[in-house]
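Working notes, beginning with the structure itself.
The values are calculated or read from the model by the stated rules, or taken from the named source; none is laboratory data. Quick caveat: nothing in here was measured; it's all calculated off a predicted structure. Neighbour counts are summed over all protein chains in view; Cβ atoms, including those assigned to glycine, are modelled from backbone coordinates with ideal geometry. Heavy atoms of the whole protein, side chains included, go into the accessibility calculation; ligands, DNA and RNA do not. Shrake-Rupley method; radii C 1.70, N 1.55, O 1.52, S 1.80 Å.
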Amino acid sequence: MELRYKPEELTKLPRSVEFKDGRVFIIDQTLLPKEFKVISLNTVEEVARAIKTMQVRGAPAIGATAAFGLALLAHKSKAKTKGEFLSEFERAYEALKSTRPTAVNLFWALNRIKKLVEEHGEESLETIKQLIINEAQKIANEDVEANLKMGHVGSEILDKGSVLTHCNAGSLATVHLGTVGAVLRVMHKEEKLKLLWVDETRPVLQGARLSAWEYSYDGIPLKLICDNMAGFVMQQGLVDYVIVGADRIVANGDFANKIGTYSLAILAKEHKIPFFVVAPTSTIDLSLKSGKEIPIEERAKEEVLGCGGCKIAPDVDVYNPAFDITPHKYLTGIITEKGVVYPPFERNLRRLFGL
Ligand code: MRU
């Protein structure tokens, strides 16, 4: 497929995560939209903390950041022997792996580097370190390429219309451009995006704080709504497509995404609105058969009891699952960098991987 645009023709934003001069740089997403600040992370512990506290978040972005955490170790390690370095590597791998449980991109990126290290166990320590750094850069660059392709694929199959999205699957959630973000940006470039409806996405407000910020920064016409308004907006005929990202898509097409996605999928079905997921193949986990097997992260009760730094509820008990599972029956198609997957998902997802 012909790629009509370069990333810099689609967004004014810089990359969300980079490894430069032996440091990991991220846009601190907890400060947005009040402040745009790039911070540097200088140790594996700092990288793990940034992922846990959601200074960097979004499935592909945490995968790339974790990979850069291992690159940071390779760059900084003072280990004198291979054995010493491999013990440090194992500790870093475990620390990064235990940050967040749901997005498979984290494990995919860490395991890709671990496998490489195992395969090159006979090489010199210096070679192994360089291989880790190169692989992490490759993971990040491939993410941008995949997004660019998904953007073009998506815009090609969608007609002109208004889109409703949930959470943030934009540039901030990836290395650059976004998954949904790339589709929206190419549609906008081609004058196919009438209006973007942005769900605020309680409790952490990735829609209001991040999507509204990054899409308006790029001049995309949008309206922000509270999560409980989506149904009414659909009923009024104001939404042509619902397009969301994913944290993990399993073998039968069920997928985990930000809490609230499942309700949107049901609403979309009721209103006969096509419902698409945009995700790179690094988000697909064929080792799990159904969505029920996906581990769902539960986060602190303070996220629900408060909002924007204000207490909004008495100190009652809270249930705060960060993601939900949408059964594949609600899904129209999955837009990936290798093309669109339509039902039957089980068979067509396997085909995507040549199985
Ligand atoms: O908890 P978050 O903000 O990391 O959750 C992010 C999402 O659910 C995104 O929709 C998903 O990671 C896809 S990002 C391209």
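Some notes on this structure:
- R0 of 25 Å, Cβ-Cβ distance L224-K329: FRET efficiency to nearest 0.05: 0.25
- Summing charges over neighbours of E200, with a neighbour being any other residue whose Cβ is under 12 Å away from its Cβ, gives +2 when K and R count +1 and D and E count -1.
- Classification of the range 171-225 by its C-alpha gyration tensor yields an oblate form. The axis ratio a/c (a ≥ b ≥ c) is 1.5 or more, and b/c is at least a/b.
- Rounded to the nearest 0.05, the FRET efficiency derived from the C-beta distance between K311 and L31 at R0 = 22 Å is 0.60.
- In degrees, nearest ten, helix 180-189 long axis to first principal axis of the chain (Cα): 60
- Gain in span if fully extended, S98 to K269, counting 0.36 nm per residue against the direct Cα distance: 58.0 nm
- For the chain, the solvent-accessible area with a 1.4 angstrom probe is 43 square angstrom per residue.
- Restricting the range 214-279 to trypsin sites (Lys or Arg not before Pro) in coil, as DSSP defines it, with at most 14 other Cβ within 10 Å: K272
- The range 291-353: chymotrypsin sites (Phe, Trp or Tyr not before Pro) in DSSP loop, at most 11 other beta carbons within 10 Å: Y319, F353
- Inter-site label distance for E190 and T127 at 7 Å from Cα along Cβ, in nm: 4.6
- Only beta bridges with both residues in the range 271-355 are counted; by DSSP, about 65 percent of them are antiparallel.
- Solvent-accessible area, 1.4 Å probe, carbon plus sulfur percent, for the chain: 52
- Among A61, V47, T81 the positive-end extreme of the charge dipole of the range 7-145 (Cβ point charges): V47
- Calculated [222 nm] ellipticity per residue, helices only, for the chain: -12000 deg cm²/dmol; basis is -39500 (n - 2.57) per DSSP H run with n ≥ 4, divided by all residues, nearest 500.
- At full extension, K12 and E298 could sit 99.6 nm farther apart than now, given 0.36 nm per residue minus the alpha carbon distance.
- Rounded to 5, the percent of DSSP beta bridges in the chain classed as antiparallel: 55
- A 1.4 Å probe, protein heavy atoms only, puts the accessible area of T81 near 70 Å².
- Sparse-neighbourhood loop sites, GluC sites (Glu not before Pro) in the range 117-164 - DSSP loop, at most 14 other Cβ within 10 angstrom: E122, E123
- Most fluctuating residue given options A50, A79, A71, as computed from a GNM of the chain linking Cα atoms under 10 Å: A79
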